[in-house]
């Protein structure tokens with residue numbers, strides 16, 4: 001069928017099952033936006049391209065579908081960069097479509113020209129520059145395939161302006177032909193048999209769950225594994241939700257701000273099963289002293305993750321959707337299930353949990369940040385929680401009781417401030433019936449606060465809780481602990497009234513300044529239809545604890561007082 | 001340790017950018033890289049010489065490069081019997097006085113003189129890196145004006161092609 005490139009792109013999106021795109025128009029994508037107009041294809045107009053890509057990212061994380069965003073050439077495309085890097089670090093499937101100047105103008109420093117393929121090469125799974133309209137259907141097919149298969153990630157399609165207007169004989173390919181890309185699904189079953197033997201021999205085994213479990217939708221299989229073997233579990237930030245937070249076996253988050261029990265168990269275990277993890281430095285601390293007594297079995301779909309940060313004694317490379325069910329079967333077949341042999345280890349782990357549970361020291365007449373998170377956990381136990389980056393993000397990880405996969409949306413790898421608000425918008429669009437609650441710091445909210453208008457204009461009923469301590473909390477914590485209390489540029493106390501800011505954008509604004517207001521105002525926020533922002537006044541000097549100083553050993557934690 | 005890898009990649013624009021970008025981003029220690037067409041028009045063959053501490057680090061290089069969508073296959077030629085060569089063109093000062101002496105050096109190294117004029121001479125040498133290094137060392141005394149080297153290329157001995165290994 002004869003059609004324009006722009007129409008072919010939209011047809012291809014439909015073929016890929018895309019329900020909505022996030023974007024911002026501009027010169028190079030005028031023809032594409034004309035086609036969006038004519039076809040009435042669902043499009044969410046954000047206030048900034050960065051908002052569009054983080055929204056696409058939030059959408060992708062909660063649904064597991066590929067998020068799609070559109071930006072124009074030059075500055076439009078460069079505004080996507082932080083979002084592409086964010087998605088790449090956390091393995092989020094995205095297709096970012098950018099306009100490029102016309103073919104004849106490429107390479108001449110033309111108006112609004114930037115080399116987006118060049119810029120995005122180190123931060124994307126793959127990228128394309130499309131200069132011929134007949135390549136468009138194949139490229140889109142490949143881009144979606146690459147984004148969603150294997151270890152997911154962002155793919156960039158940079159399309160020259162004239163391609164949108166050129167005519168082609170459109171036919172969408174049924175399959176891809178990529179000689180250099182064949183995502184691995186099943187691995188070596190013998191490696192799993194060896195794993196079962198190691199599990200049988202272990203006296204102090206520990207499962208370390210990462211984002212891979214959420215991405216591969218294998219929380220059910222993981223829970224079966226835990227139930228069958230009785231092995232205690234620790235989570236990375238990205239693994240939260242894969243196992244019920246209040247399960248006896250779950251020791252919580254491990255690493256720099258991990259729980260006492262999780263960090264102690266990691267130091268003491270004799271077998272560590274890393275499941276869909278990449279052993280990030282925020283988890284391991286000193287790599288030399290990480291899990292020093294343990295043999296390590298590393299389960300991951302990406303062979304390049306094996307031995308990258310931590311040397312594995314046994315590698316199980318393959319999709320967790322392949323390895324975990326097979327492991328569960330082999331455990332039963334080989335009699336490796338829980339027969340009480342781990343009782344002393346389980347008792348030890350529970351003792352650590354009781355010795356130092358997650359807690360905080362209340363202060364008279366002051367709302368504590370941990371209390372805000374815990375209260376939301378109580379009032380909205382089924383919510384999707386989105387965060388920005390910093391102290392509030394760690395408190396959310398520590399004090400919200402996550403019970404389901406894909407319910408915690410946070411920039412773990414890149415640590416992108418300004419991520420929370422637009423990601424919450426995307427999450428809400430992906431799950432319109434779910435309660436979506438975003439925690440943002442008073443620093444991070446200002447980095448993309450323009451998206452409050454997007455929420456208001458479209459009636460997206462997100463609830464944004466501004467954890468307002470008037471400082472860049474995490475940085476000031478490091479200044480307090482490691483830089484002699486020299487608070488260089490971390491005080492952000494200013495004239496900004498977040499309630500008025502919200503109201504100016506069309507969002508209902510509420511304020512909490514004292515503990516007795518906490519519950520009623522939070523309930524009011526949750527029950528009020530449409531988008532709501534709650535400004536919560538918090539103390540400036542509260543530290544996130546436990547804390548393992550950077551590069552330290554996990555059992556050398558700053559515990560604070562409570 | 002030094003390893004030689006044969007990388008087969010799609011012959012498309014941007015492929016070398018993807019590969020060189022990855023090498024610099026991951027801070028891999030690449031000693032030489034040489035690319036060109038292969039026996040198949042749609043495939044580029046790249047010979048990479050990489051310096052790593054151990055085989056685990058080499059695995060990282062191979063796995064990370066393999067992740068690139070453009071990269072079709074990587075063969076570690078270090079592990080198989082292979083031939084490697086490099087081509088160099090060297091422009092040296094050559095006057096009437098020392099020209100015959102230079103010709104002697106060229107013959108000893110089995111190099112070739114490919115251009116001569118009143119003041120200079122261009123010498124072509126194909127061989128292993130160490131042989132080229134040795135010639136350059138000798139030519140310093142004559143006065144080297146400029147050198148260009150292709151970087152190492154390598155091919156396995158025996159009937160199998162890299163794509164079949």
Revision key, fill the gap. If we keep only residues of the range A:306-318 that are more than 14 Å from every other protein chain (Cβ to nearest Cβ) and surrounded by 20 or more Cβ atoms within 10 Å (Cβ to Cβ), then the residue nearest to residue A:205 (Cα to Cα) is A:316
Point to revise | Any chance residue A:424 is farther than 15 Å from residue A:90 by Cβ and under 12 Å from the mean Cα position of the chain (by Cα) | key: yes
Review point. Taking into account only those residues within the range A:106-130 that are surrounded by fewer than 17 Cβ atoms within 10 Å (Cβ to Cβ) and facing another protein chain (nearest Cβ under 9 Å), which is farthest from the chain's Cα centre (by Cα)?
Key: A:118
Review point. How do the helices (runs of 4 or more DSSP H) wholly within the range A:7-97 filter down when requiring 1 or more residues that are farther than 27 Å from residue A:165 by Cβ: which remain?
Key: A:49-63, A:81-89
Review point. Counting residues that are under 30 Å from the mean Cα position of the chain (by Cα) and within 30 Å of residue A:76 (Cβ to Cβ), which helices (runs of 4 or more DSSP H) fully inside the range A:152-257 reach at least 1?
Key: A:211-215
Point to revise | Filter result for residue A:336 (outside any strand (DSSP E or B) and outside the structural domain of residue A:23 (by TED's automatic domain parsing)) | key: yes
Study note, to complete from the structure: When (1) closer than 29 Å to residue A:155 by Cβ; (2) within 12 Å of another protein chain (Cβ to nearest Cβ); (3) without any contact (Cβ under 8 Å) to a residue 40 or more places away in the chain; (4) over 19 Å from the mean Cα position of the chain (by Cα) are applied to residue B:12, the one that fails is (3)
Review point. Residues B:2, B:96: which one is out of contact with any strand residue (DSSP E or B) (no Cβ under 7 Å at 6 or more places or on another chain) and either more than 13 Å from chain A (Cβ to nearest Cβ) or at positive phi (or both)?
Key: B:96
Check your understanding: Given A:162, A:169, A:135, A:158, which one is in contact (Cβ under 8 Å) with a residue 60 or more places away in the chain, within 14 Å of chain B (Cβ to nearest Cβ) and touching a helix residue (DSSP H, G or I) at 6+ places or on another chain (Cβ under 9 Å)?
Key -> A:158
Check your understanding: Looking at residue A:372, is it assigned to a loop (DSSP other than H, G, I, E, B) and modelled with pLDDT of 95 or more?
Key -> no
Check your understanding: within 14 Å of chain B (Cβ to nearest Cβ), over 19 Å from residue A:246 (Cα atoms) and modelled with pLDDT of 95 or more: does that describe residue A:321?
Key -> no
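State all residues of the range B:31-45 that are surrounded by fewer than 16 Cβ atoms within 10 Å (Cβ to Cβ) and in a strand (DSSP E or B); if no residue qualifies, say none.
B:31, B:36, B:37
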Point to revise | In the range B:46-75, the residues that are assigned to a helix (DSSP H, G or I) and facing chain A (nearest Cβ under 7 Å) | key: B:56, B:59, B:60, B:63, B:64, B:67
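If you scan the range A:280-305, which residues turn out to be within 14 Å of another protein chain (Cβ to nearest Cβ), assigned to a loop (DSSP other than H, G, I, E, B) and surrounded by 24 or more Cβ atoms within 10 Å (Cβ to Cβ)?
A:301
The values are calculated or read from the model by the stated rules, or taken from the named source; none is laboratory data. This structure is a prediction, so every number in the text was calculated from the model and none was measured. Positions of Cβ are backbone-derived with ideal geometry, glycine not excepted, and every protein chain shown enters the neighbour counts.
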